[in-house]
1. Out of segment 1-47, which residues are more than 16 Å from ligand 2 (Cβ to nearest atom), surrounded by 16 or more Cβ atoms within 10 Å (Cβ to Cβ), aliphatic (A, V, I, L, M) and closer than 30 Å to Pro125 by Cβ?
2. How about segment 63-72: which of its residues are over 16 Å from Gly7 (Cβ atoms) and assigned to a strand (DSSP E or B)?
3. Would you pick out the residues in segment 103-133 that are modelled with pLDDT of 95 or more, out of contact with any Phe, Trp or Tyr (no Cβ under 8 Å at 6 or more places or on another chain) and not aromatic (Phe, Trp, Tyr)?
4. Scan segment 48-64 and tell me whether some residue there is closer than 21 Å to Arg23 by Cα, in contact with a Cys (Cβ under 7 Å, 6 or more places away or on another chain) and either surrounded by 15 or more Cβ atoms within 10 Å (Cβ to Cβ) or among the polar types (S, T, N, Q) (or both).
5. Suppose we filter segment 3-37 for residues that are aliphatic (A, V, I, L, M) and within 16 Å of ligand 1 (Cβ to nearest atom); how many remain?
6. It is to be established whether one or more residues within segment 79-101 are within 14 Å of ligand 2 (Cβ to nearest atom), at pLDDT 95 or above and outside any strand (DSSP E or B).
7. Checking Val75 against (1) out of contact with any Ser or Thr (no Cβ under 8 Å at 6 or more places or on another chain); (2) not in a loop (DSSP other than H, G, I, E, B): exactly one of these is not met. Which one?
Amino acid sequence: MNDEHRGGCLCGAVRFSTRGPLREVIACHCSQCRKQTGLYYAATNVARDRIEVEGADNVTWYRASDTASRGFCRVCGSALFWQGDGEDYVSVMAGAFEQPSGLSIGYHIFCADKGDFYEIDDGKPRYPQGCTA
Ligand SMILES: [Zn+2]
Ligand SMILES: [Zn+2]
């Protein structure tokens, strides 16, 4: 079974491919994710040794907090990656994957901080803050 997934940014300057199964998508509604994306952050994750990034020079890393970096394409601005300090996994934006992605949302976090212009009504678990599940 070929469990490879491909994706990239809007302009194509950054491309990636992953090997192996991907985690369910976690939607983060915190204020940082809201500001960066204009909506919320929906990302799967993958072990760092199972993702290959083409055009990594075009990824700019921005630190919104003391514990993680956010990677985006410096050419087109697409949000792509979230990397917690010292973690072996990198989060990858679900929307960056080619369709069909085979991904689905597992649950929502930081719902207490979500934007006031939309509802979360997909029936998936909602946590007011983070969730370590
Ligand atoms: Zn780009
Ligand atoms: Zn967030």
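The values are calculated or read from the model by the stated rules, or taken from the named source; none is laboratory data. This one's a predicted model, so the numbers in the text were calculated from it and none came from an experiment. Here the Cβ positions follow ideal geometry from the backbone for every residue, glycine too, while neighbour counts run over all protein chains shown.
1. Across segment 1-47, the qualifying residues are Leu22, Val46.
2. Those that are over 16 Å from Gly7 (Cβ atoms) and assigned to a strand (DSSP E or B): Ala68, Ser69, Arg70.
3. Selection gives Ser104, Ile105, Gly106, Ala112, Asp113, Asp116, Glu119, Ile120, Asp121, Asp122, Gly123.
4. no
5. 3
6. Looking through segment 79-101, at least one residue is within 14 Å of ligand 2 (Cβ to nearest atom), at pLDDT 95 or above and outside any strand (DSSP E or B).
7. Every condition holds for Val75 apart from (2).
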